[in-house]
Amino acid sequence: MKHLSLKLFVAACLFSSAGVFAQSPDTAVFNRIRKAELSSSQIPKIAHYLTDVAGPRLTASPGYKRAATWAVETMTKWGLTNAKLEPWGDFGKQWDLQEFSIIMKAPYTQPVIAYPNPWSANTNGL
């Protein structure tokens, strides 16, 4: 019972003091942020490069290396002085999808939409 009353007391104090710390939104700051977003946002450029140019970014893949190098170069251009790739140890084998197709041959020929799992091994033949 003692713990319950203590919890109720703490909750009452928190809810009663919420109005003291609440602030009205600063519309001037909000308008400046909104104007910057509409006129000079880098988000579309970043999203385009990471999704369309660098490609898939599996750990230790060439796409990851492209994206990480581009990110460091871009942040350096923006003025960050300590942008760099940090070493994090050995991961294992690299994996990059170069070519994949699968076709059903029986009972009739039909293409199948599928993708291999990352780091899956090659097959021994057809």
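The values are calculated or read from the model by the stated rules, or taken from the named source; none is laboratory data. All of these numbers come straight from a predicted model, not from anything done at the bench. As a convention, Cβ positions derive from the backbone with ideal geometry for all residues, glycine included, and neighbour counts pool all protein chains shown. Just so you know, the surface numbers come from the protein's heavy atoms only, side chains and all, with ligands and any DNA or RNA stripped out. Shrake-Rupley method; radii C 1.70, N 1.55, O 1.52, S 1.80 Å.
Per residue, the solvent-accessible area of the chain (1.4 Å probe, heavy atoms of protein chains only, all protein chains present) comes to 91 Å². Peptides 49-55, 37-43, 60-66 ordered by packing proxy, namely the average of other Cβ atoms within 10 Å per residue, highest first: 60-66, 49-55, 37-43.
In the chain, the longest principal axis of the Cα atoms and the axis of helix 62-77 are about 40 degrees apart.
Per atom type, region 59-126 shows carbon and sulfur on 55% of its accessible surface, probed at 1.4 Å. Its residue count N sets the reference 2.2 N^0.38 Å, and the alpha-carbon radius of gyration of region 81-123 equals 1.99 times that reference.
For the chain, the mean projected area of the C-alpha convex hull, equal to one quarter of the hull surface, is 19.4 nm².
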